[in-house]
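I have placed the structure first, in the form of structure tokens, so that the comments after it can refer back to it.
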Amino acid sequence: MNTLWSLLWLLVYLGAGFAVARLRVLQWSSAISRIFTLLLWLLLFSMGLRLGQSREILDQLSLIGLLSVSSAVLASAGTVAAHLFAKPLYEKFDPQGESPSVDPGSVGDSFAFSRANRRNKLLRLLLNLRQPGWLLALVLCGVAAGLALPSIQILHDGSIASWLLYGLLFCIGIQMAGAGADLKKSFSNPSVLVLPIVTIAGTLAGSLALVPLFGLSPGRALALGGGFGWYSLSGVLIADLGDPLLGAAAFLSNLARETIAFVAIPLLRLTGRKESGIGVAGATSMDVTLPVIEEIWGPSSVPSAVIHGVVLSFLVPFLVPFFMSF
């Protein structure tokens, strides 16, 4: 019952943000963006603080690490397998398909160009990893602070994190209202929804393998995969719903999924189609991994990648609490 009430409150704040944006009371702006970022930083710090106050969770760090890596690998593998299985369906919508914009065997016309290209890719990868690295550092700082402080009830029970999460979801609701308006015309084509549906099916199917491996309930296993790479939200959602250990695993799992995507997207061009490369990126296909997708598959892949990421991001605040209720 407590989980259902928590789910209801999460939806209330998310819906409130969406409503005020649709009514033009508030619109997404640089000021709202800064508030969103501040709330996210405070929320991740408080998540670490709560972990630091929970000594019994810290005693299970090896389990958290193994669970998070396994979840990321299984979710990614399930996604790729589902998209390969759905290849005949994609060929029905788009018989000609798309060719990678870069030929794996001929990157550059000279050795000097090739070496410079590799340096640029490495630099871009490091820049893409900078933000998740900073967010992970916030969690670790919170853990250190939690260990240093005596046990404080308001820190241990997650009350502060709950209110920060409500504010964050309110901002996300505002952002979703704007994104929905921008992509309204693109969503009028039903075929663009097939890609995220297959990603969802593959991710959740892969995540269910955690049930026999780690003894998780199906709901907990699906909640782990249901972040679709949105590590900064899925972890705090699960922690706020009463499972800090699983929340920590979800944060690291979705962070690992994003890292896997950077490596897998270039390799998946060998499939000859863009769908598995977009799918493995999960919710990040609309932002962090979008430059890699565009580089491999060309500009024509961008609309599909953005819509794919928007759909998955929209579903995360609903699916994760829903699965946690089981």
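Table for the structure above
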{"quantity": "Helices (runs of 4 or more DSSP H) wholly inside the range 231-326 containing at least 1 residues that are among the hydroxyl-bearing types (Ser, Thr, Tyr) and within 19 Å of LEU165 (Cα to Cα)", "calculated": "231-240, 302-324"}
{"quantity": "Count of the range 125-147 residues which are at pLDDT 65 or above and either in contact with a strand residue (DSSP E or B) (Cβ under 9 Å, 6 or more places away or on another chain) or under 13 Å from PRO291 (Cβ atoms) (or both)", "calculated": "0"}
{"quantity": "ALA248 vs. criteria free of Cβ contacts under 8 Å to residues at least 60 places away in the same chain and surrounded by 24 or more Cβ atoms within 10 Å (Cβ to Cβ)", "calculated": "no"}
{"quantity": "Residues being β-branched (Val, Ile, Thr) and part of a helix (DSSP H, G or I) - total across the range 136-153", "calculated": "2"}
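The values are calculated or read from the model by the stated rules, or taken from the named source; none is laboratory data. Remember, it's a predicted structure, so these values are computed and weren't measured experimentally. Methodologically, a virtual Cβ is constructed for each residue, glycine included, from the backbone with ideal geometry; neighbour enumeration extends over all protein chains shown.
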